[in-house]
Amino acid sequence: MKIDVQSEVGRLESVLLHRPGDEIVRMTQHDLDRMLFDDILSAAEAAHEHSVMADIMAATGATVLELEDLLTASVEAASTADVENLVSRCCNIAGSPSAASALSTWPGRKLAKALIEGVYWRELDAHQSSLAHVTAQLREPDPMALRPLPNLMFLRDPCISVFDRVVQGRMATPARAREPELVAFALRHAPEISAPLSFETADALSEAYHCIEGGDVLVLSPQALMIGCSERTMPATIERLAREALFPSHRALQRVYAVVMPTARSVMHLDTILTQVDRNLFLGHVPLIAGSPRKPALPVIRIEQDGPAAIMAKASTFDVLREEFGRQTKLVPCGGDDPLHQEREQWTDGANAIALGPGGIILYSRNRKTVAALEQHGMQELHLPLEEPADERNARVADAMAHLSDNPTVFTFTGSELSRARGGGRCLSMPLRRKAL
């Protein structure tokens, strides 16, 4: 299977997910700030909601891959030297280099789980005397050599499918630093996937490459990308990615738009305020995407293949979208027209939709004002209860997808536990293939 993502809304053919597991259980209230969470999640409920989302995607005909399975297969297929190098890099990032030699001997599934869920020093008896372990014992009762990766379920961020390859991300926070290593390794060594990697140079930790995360990258078309310059993605990184990796490899790519965003957790990525739901239809937080009397629209900078970066004077993000997709392009207001509900539902991922195909999206059912706004733009809601038998749910999804061109549909499910982690369907998924529009 080859990577092929030329748009945000082409029919989803293959997608990579990671269902939350024990990495959620191993997070306590003392870890919240460090792990970028606002509250402790129920692992069982989050996993169930995630499984329902995965079932919806599979029912459309898409191939759904699970990261832990892919990482296990890659560890088992890769050379001993490659596995040792992966483990060494992960342990170095974690500040526990002495754990690497013992961990490298673990078999495939056990190692894959440890790299995701974390591993306690007590599980590595041969390294009880290391300074890192002794110091950790003084600070906590049951210290970990590798901390868990509870954010890994937000698989959009560590690696980014762009056209025919995967861009390796640079995470903005230490809590997520080893995620790109795991996802890139899984894709590089997976026996049945051909995933050329890009932007993985040796100076990845230098200042100019400091951070870029996938939630900020929207593939508008083979000719244009839009990237959020957010609290998680630096401007110098965007420009180097464009000029050193993307433009040389993709001659059709002419423009990269950088949306200059506030540095705030409420809008941590571009896809928290803008996603595409159909060929000429977008879902967004209107005050920032189009502007309002109380808030000016976000500035946009255009980087052209053969020209310098330049501010697009008096142009909003929505103006750019209409320029790219035509004057008939419309923006559905996340939260509807009421500023109160716009703020509330932007926070609960009302703008973070994942397209299953043109006119078919997944959204959390709690965002009622957003669903109503989508219905005003010609979409119908198909609610999929968590307790509904899987075969009945899948049949309803398949039937709706068969009639999508005549009946655009927003597939909703209760994602109350997942949304508490601050991420919607787009955050939770990494498309590997989409059908060409």
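Bear in mind that the values in this text are calculations on the coordinates, not laboratory data. The structure displayed is predicted, hence computed values, not measured ones. Reconstructed Cβ throughout: ideal geometry from the backbone, glycine too, with neighbour counts over all protein chains shown.
Once you list every other residue whose beta carbon is under 14 Å from the beta carbon of ILE93, what net charge do they have if Lys and Arg are +1 and Asp and Glu are -1?
On the way: positive: ARG89, ARG147, ARG170, ARG176, ARG178; negative: GLU179, GLU181.
Neighbour charge sum, excluding ILE93 itself: +3.
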- Query: Expressed in nm to one decimal, what extension gain is obtained for the pair ASP39 and SER51 from 0.36 nm per residue of sequence separation less their Cα-Cα distance?
  - Reply: 2.2 nm
- How far apart, in nm, are the 7 Å Cα→Cβ label points at ALA315 and GLU392? 5.1 nm
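With runs of 4+ DSSP H residues as the only contributors, calculate the mean residue ellipticity of the chain at 222 nm using -39,500 (n - 2.57) per run, divided by the residue total and rounded to the nearest 500.
Dividing the helical sum by the residues of the chain leaves -9000 deg cm²/dmol.
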- Note on the structure: Summing +1 per Lys or Arg and -1 per Asp or Glu among the other residues with Cβ less than 9 Å from ASP4's Cβ gives +2
- Query: If one computes the Cα centroid of the range 299-364 and of the range 418-437, what distance in Å separates the two points?
  - Reply: 16 Å
- For the range 1-87, what D do you get in µm² per second when you plug the Kirkwood radius from alpha-carbon pairs into Stokes-Einstein at 10 °C and 1.306 mPa s? 101 µm²/s
- Quote the charge dipole size of the chain about the Cα centre in Debye, to the nearest 20; the model charges only the Cβ of Lys and Arg (+1) and of Asp and Glu (-1). 980 debye
- What number, in nm² with one decimal, is the all-direction average of the projected area of the convex hull of the alpha-carbon atoms of the chain? 20.4 nm²
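Show me the trypsin sites (Lys or Arg not before Pro) within the range 200-301 that DSSP assigns to loop and that have at most 16 other Cβ atoms within 10 Å of their Cβ.
Values: sites: ARG232, ARG240, ARG243, ARG251, ARG255, ARG265, ARG279, ARG294; in loops: ARG232, ARG251, ARG279, ARG294.
Those that pass, being in a loop and sparsely packed, are ARG251, ARG279, ARG294.
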- Length gain on complete extension for the stretch MET1 to ALA436, per 0.36 nm per residue less the alpha carbon to alpha carbon distance? 155.1 nm
- Query: How high is the FRET efficiency from SER104 to THR135, r the C-beta distance, R0 25 Å, rounded to 0.05?
  - Reply: 0.65
- Message: Could you check the spin-label model distance between SER249 and SER221? Points 7 Å from the Cα along Cα→Cβ, value in nm.
- Response: 2.2 nm
- Mean-square fluctuation maximum in Gaussian network of the chain, Cα pairs under 10 Å, restricted to ALA313, ALA242, ALA102, hits ALA313
- Task: Would you please state which residues of the range 145-173 a label at THR28 would reach in this model, taking the label point 7 Å out along Cα→Cβ and a backbone N cut-off of under 20 Å?
- Result: 145-151
- Item | Value in Å of the Kirkwood radius, where the range 1-158 supplies the Cα pairs that are averaged | 17.3 Å
